[in-house]
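Quick notes on the structure that follows.
Every read-out reported here was derived from the displayed coordinates using simple, explicitly stated rules and does not represent laboratory data. Quick caveat, the model's predicted, so the values are computed rather than measured. Note: ideal-geometry Cβ built from the backbone for every residue, glycine included; neighbour counts use all protein chains shown.
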Amino acid sequence: MKEHWTSLASLMGVLAFLTSILHTLFPPELRLVFLGLIRRLTRNFLSSYSYFDITEIDGVSTNELYSAVQLYLSKSAAISAGCGTRLSLTRQVNSSAFTYTLSNNDRVDDWFQGKPVVWEHVVVPRQNGGSFSWRPLPDEKRGFTLRIRKKDRAALLPKYLDHIMETAAEIRRRSQDRLLYTNTRGGGMDPRGHPWESVPFKHPSTFDTLAMDPTRKEEIMADLCAFANGKLFYEKAGRAWKRGYLLYGPPGTGKSSMIAAMANFLRYDVYDLELTEVHTNSELRKLLMKTTSKSIIVIEDIDCSLNLSNRNPARKKPMPLNEPPVPEMRSNAVGMDDALTKSITLSGLLNFTDGLWSCCGNERIFVFTTNHIEKLDPALLRSGRMDMHIFMSYCSFPALKILMRNYLGIEEHEFDNGILSDLEEAIGKAEITPADVSEILIKNRCLEKCEAVIKSLEALKCRANKSKVIGNVAVKTKGLEEGEEEEEQEKRALESPKEAKGTMVGCIGKEEKEE
């Protein structure tokens, strides 16, 4: 037994001697390279997996793929992570949702097309080598390591990374607050060099609260869903992925609320384009180029913004053939040309909505609003520019029930049948906009439900009687005008024979006198 211990001690001494020689002959840097080479050879020849490192910082810029992987794993990490996996909670800037991320040096399993992959979050301290950098680097090196079986590498890697990028973009879009943009005054740029200024979009309107016929709302929502999910269809059909809507009707019928409901339904940003601040067609194209995909571009009151009734306004009157040409003053001609070139034309607006420049982005919706559709040029109304025309009418009975639910908290089953019939009759005769109905309900919202309904019914009946009186006056006025016109025509008819007879007598007398 003593001999065994003596042999073991001798062996330990030899190992210590060899270790000291290795440390003396081979510096630490060389040993690290040697160990890394052994590890790499082991992975390449002995392991059945392929490893891919995705670092947080690529050189001096942030690696976009690292952020995408972080968001992608937040979708499945909370579900697929095991009991021993630690997760970190984060919330991005301008985000309304929390995301899960892997903690340091932890891992999670994922599946894609039925094949397993493993993600590991690697965090190691950064070694200060004394190198100079224009950008201060964090104290830790962060990255993800992806492990895939070698036989699945060729089939998974390109598709899997594309899937990660698309999923991360969708998560980022749905978690961040939407923005409302407007073009800067006078076509200038903000401090970052962008022609759009933005504020958070907080409009609460939704299709559930929108005062509109439910059947019509279902049609609009189905059309929006078909557009948002129609990427493959538009590519196959060879069309630009965009759609145009025209909202028209009297003021106060909910056109702006409809736009907000569309933005909240699709979770798109809104670009409110003020045409009076745009001076030329080139500025209009630049504004279009600076809009993002998944957005709604709105031009409200298109009939009042600019005079777009003529496609090619006449610059000069036609000159008579017999008159000599009049010499033109150069200063006036130049001034006229400048005035025409420094303005938006109908053709420029048409190219904005349906020309080549309108295809510089995907998944965008153009919305025009007007109170007088008859004033618009027919070129604006054709399909491809305005694909869907939505008439925003006066408040109907289904819309009234929605407004009473929103403002008074009364559901349809809580109404008495007699009250319902009276409300339906009153709202049909009143010809009142949803905005006016909302004002009536706001005044009565602090009353008891029954009293509020009765007061609202009285107000609607009063409005219906007023509309009836106004209608009768209009009919009488029209009748008087028609009667006066008929009387004037009869008077002219009676006077015409006398004039003709006098003329004839005069002619006869003149002939007799000559004879």
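Pairs of lysines in the stretch 409-470 whose Cα atoms sit within less than 12 Å of one another amount to 4, provided the residues are eight or more positions apart or on different chains. Once C-alpha pairs closer than 8 Å and six or more residues apart are averaged by separation and normalised to the residue number of the stretch 409-470, the relative contact order reads 46 percent. For GLU218 and SER48, a Förster radius of 60 Å and the Cβ-Cβ distance give a FRET efficiency of 0.65, rounded to the nearest 0.05. Averaged over residues, the count of other Cβ atoms within 10 Å places the peptides 16-23, 248-255, 421-428, 110-117 in the sequence 248-255, 421-428, 110-117, 16-23, highest first. Among 207-219, 393-405, the peptide with the highest mean count of other Cβ atoms within 10 Å heads the list, and the full ranking is 393-405, 207-219. Each peptide in 194-202, 430-438, 287-295 receives the mean, over its residues, of other Cβ atoms within 10 Å, and ordering these scores from highest gives 430-438, 287-295, 194-202. Pairs from the list LYS159/LYS236; LYS217/LYS290; LYS151/LYS231 with a Cα-Cα gap above 29 Å: LYS217/LYS290; LYS151/LYS231. In this Cβ point-charge picture (+1 for Lys and Arg, -1 for Asp and Glu), the stretch 409-470 has a dipole of about 400 debye about its Cα centre.
Taking label points 7 Å from Cα along the Cα-to-Cβ direction, ALA155 and ILE57 give a separation of 4.0 nm.
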